[in-house]
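The values are calculated or read from the model by the stated rules, or taken from the named source; none is laboratory data. If you're wondering where the values come from, they're calculated on a predicted model, not measured in any experiment. As a convention, Cβ positions derive from the backbone with ideal geometry for all residues, glycine included, and neighbour counts pool all protein chains shown. With ligands, DNA and RNA removed, areas are computed over all heavy atoms of the protein, side chains included. Shrake-Rupley method; radii C 1.70, N 1.55, O 1.52, S 1.80 Å.
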Amino acid sequence: MTTTVLRDLWAAPSTPYVAVLILMTGSIWCLVMGQRSRRVRTALTQRVAFEVVPTPTFDPNKDEIDRWARQLGQARQMAGGVPLRGTAIRLHYSVEARIMHCFLEGPSEAASMLAMPGFPEVEVHTRHRSSNLPPVRFAIPPTGEEKSDLAH
């Protein structure tokens, strides 16, 4: 009985229209996802970085930290139509000549907000575009076979 219902439904005069509608919907979805992916890629390549340098007396209280976190949280609104993946704020730490540096990295649309000092005892220096920053890479631990090869 079920097969006859499906056969009758497939033979219905509206079947070609439904198939075209499904294909068009899929095509539109692929187009929208492709544009979104391009916007994210563009936003990630145009990120800016600022060096955050605290003074020796830097000792923030909880209210100052909360205010700064809310300030950083506004980067998404400042980035406009950029998808969420492209609006992330990143703290990047590096060590050069035994001196630790902290960089605040984010979307170029939010550069003015990122350049504002979040604390009274912190200076913000324009560093460079993040394309000069090395990407974060995590080392994959060796598997059991590779560990035994390393032991020999």
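Couple of notes before you dig in:
- The length gained on full extension between Arg98 and Thr126, counted as 0.36 nm times the residue separation minus their Cα-Cα distance, comes to 8.0 nm.
- For segment 41-126: rounded, prolate or oblate by the Cα gyration tensor [a/c cutoff 1.5]: oblate
- Share of carbon and sulfur in the accessible area of segment 17-93 stands at 64%, probe radius 1.4 Å.
- The residue list Pro83, Ala49, Trp68 was ranked by how far each Cα lies along the charge dipole of segment 1-111 toward its positive end, using unit charges on Cβ atoms, and Pro83 comes out on top.
- For the peptides 77-85, 29-37, residues were scored by their other Cβ atoms within 10 Å and the scores averaged per peptide; the highest-first order is 77-85, 29-37.
- Computed lengthening from Thr45 to Thr4, 0.36 nm per intervening residue step minus Cα-Cα distance: 9.2 nm
- For peptides 19-26, 45-52, 99-106, sequence by mean Cβ density within 10 Å, most packed first: 45-52, 99-106, 19-26
- Prolate/oblate/rounded call for segment 47-88, Cα gyration tensor, a/c under 1.5 rounded: oblate
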